[in-house]
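Take a look at the structure below.
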Amino acid sequence: MPSDLRPLGWDEEWAAAFASYAAVGLLPARVGRVDRGRLEVHLRPSETVHAVAHLEAGATVEDQPAVGDWVAVDPRPDGAVVTGVLPRRTLIVRSSAGRRSEGQAMAANVDTVLIAVPLEREARLAQLERFLTVGWESGARPVVVLTKSDVVDHDEIDVALLRAREAAPGVQVLAVSAETGSGTDAVRAALGTTTAVVGQSGAGKSTLVNALAGAEVMATQATRQDGKGRHTTTARELIALPGEGVLIDTPGLRGIGVHDANNGVAQSFSDIEALAEECRFRDCTHETEPGCAVTAAIDDGALTRRRLDSYRKQLREVEWAGRRNAADARAAHAKRWAEQTAHGKGHGRGVH
């Protein structure tokens, strides 16, 4: 097993999965950067090479190499070629832009997702809940990090922690200042072998990555006065930490769509799911039914109407994505059938 890859997360299970590739002389590597189809892969923590991907025909958008993937590399004289992607343990997927139904892979083989929320402006809890759903659905463990704690007072931090914990039941929530170092030890203790840092634009993700890495590995910019932030990171990038472990920095997002995330929604809203189990009727809509535990919790102040509305909105989005996926699958099947039929007719005309 290549010991040089251990600091990047390589282990015996990855080595076993790679055995068939090793048998034909291919090299293992981890994808460190994907930028407009161009790949940068780590052959070891201190050695990266540029590569292109040549996968089997029929590969989907989600099959394409993503940052964090372990891949098989053919080191050809005219340039390295990625010929295979090892089966992923986890995958962070967001909905693609527009009305396309396929998902967009953000990072692969991540065990922890740090969701950065800036304390310099009021947190948008519905957006935080979306990031949590995407994080849970990936199979990784989400952790909420309230950044820029040096720009607010202690009372504001306490209120922000309380609100974030309401939106993230069962999730660790930490406050940190990358500028002063306050809270960085707690965040560092929460890291996994591979940790992705996600969040909205201007959340201070790159500054946090620099603090955790102990070096200026990512460029940073000051937040705009209007509070909207700038896209400091333009491509997803894997950074090896001192010792072992890696971080994946991701571009800031104005918003994030959930994609095929029934399990993620259930985990993000585990409090509502648990209440629903106590409703008198199994098909309760949590509106006017008698014996509804969800509306009772709202009346008692244990649950906010805002959170229930957010839950419903995510469920509708997942349901729409499911219908869209089914429609696209039927269209693709019809297209293949038409092509096969046309091909058969063409051969028939050539027979006498």
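Counting the residues of region 21-40 that are touching a Leu at 6+ places or on another chain (Cβ under 9 Å) and either closer than 11 Å to ALA72 by Cβ or aromatic (Phe, Trp, Tyr) (or both) gives 4.
Looking at VAL117, is it surrounded by 23 or more Cβ atoms within 10 Å (Cβ to Cβ) and either in contact (Cβ under 8 Å) with a residue 40 or more places away in the chain or outside any strand (DSSP E or B) (or both)?
Working: surrounded by 23 or more Cβ atoms within 10 Å (Cβ to Cβ): yes; either in contact (Cβ under 8 Å) with a residue 40 or more places away in the chain or outside any strand (DSSP E or B) (or both): yes.
The answer is yes for VAL117.
How about region 199-213: which of its residues are in a helix (DSSP H, G or I), in contact with a helix residue (DSSP H, G or I) (Cβ under 9 Å, 6 or more places away or on another chain) and buried (at least 24 other Cβ atoms within 10 Å of the Cβ)? Once the filter is applied, which keeps residues that are in a helix (DSSP H, G or I), in contact with a helix residue (DSSP H, G or I) (Cβ under 9 Å, 6 or more places away or on another chain) and buried (at least 24 other Cβ atoms within 10 Å of the Cβ), region 199-213 yields only LEU208. Here region 222-276 is the region considered, the condition is being among the basic types (Lys, Arg) and within 20 Å of LEU114 (Cβ to Cβ), and the residue that is modelled with the lowest pLDDT is ARG230. Suppose we filter region 61-94 for residues that are open to solvent by less than 30 Å² (accessible area, probe 1.4 Å) and more than 16 Å from ARG38 (Cβ to Cβ); how many remain? Number satisfying all stated conditions: 8.
Suppose we filter VAL24, VAL34, VAL41, VAL49 for residues that are β-branched (Val, Ile, Thr) and not in a strand (DSSP E or B); which single one remains? Spell out how you get there, then give the answer.
On the way: VAL34 fails: not in a strand (DSSP E or B); VAL41 fails: not in a strand (DSSP E or B); VAL49 fails: not in a strand (DSSP E or B).
Result: VAL24 is the single residue among VAL24, VAL34, VAL41, VAL49 that is β-branched (Val, Ile, Thr) and not in a strand (DSSP E or B).
Remark: pairs (first residue in region 286-299, at pLDDT below 95; second residue surrounded by fewer than 20 Cβ atoms within 10 Å (Cβ to Cβ) and not in a loop (DSSP other than H, G, I, E, B); Cβ separation under 8 Å; 6+ apart in sequence or on different chains) = HIS286/ALA276; HIS286/LEU308. In region 1-53, which residues are without any contact (Cβ under 8 Å) to a residue 40 or more places away in the chain, surrounded by 12 or more Cβ atoms within 10 Å (Cβ to Cβ) and small (Gly, Ala, Ser)? Residues satisfying the conditions are ALA15, ALA22, ALA51, ALA53.
Annotation: of all residues in region 65-104 being assigned to a strand (DSSP E or B) and closer than 30 Å to GLY183 by Cα, the one that is modelled with the lowest pLDDT is ARG94.
The values are calculated or read from the model by the stated rules, or taken from the named source; none is laboratory data. Everything numeric here is computed off the predicted structure, so don't read it as measured data. As a convention, Cβ positions derive from the backbone with ideal geometry for all residues, glycine included, and neighbour counts pool all protein chains shown. When the accessible area is computed, the model is the full protein with side chains, heavy atoms only, and any ligands, DNA or RNA have been set aside. Shrake-Rupley method; radii C 1.70, N 1.55, O 1.52, S 1.80 Å.
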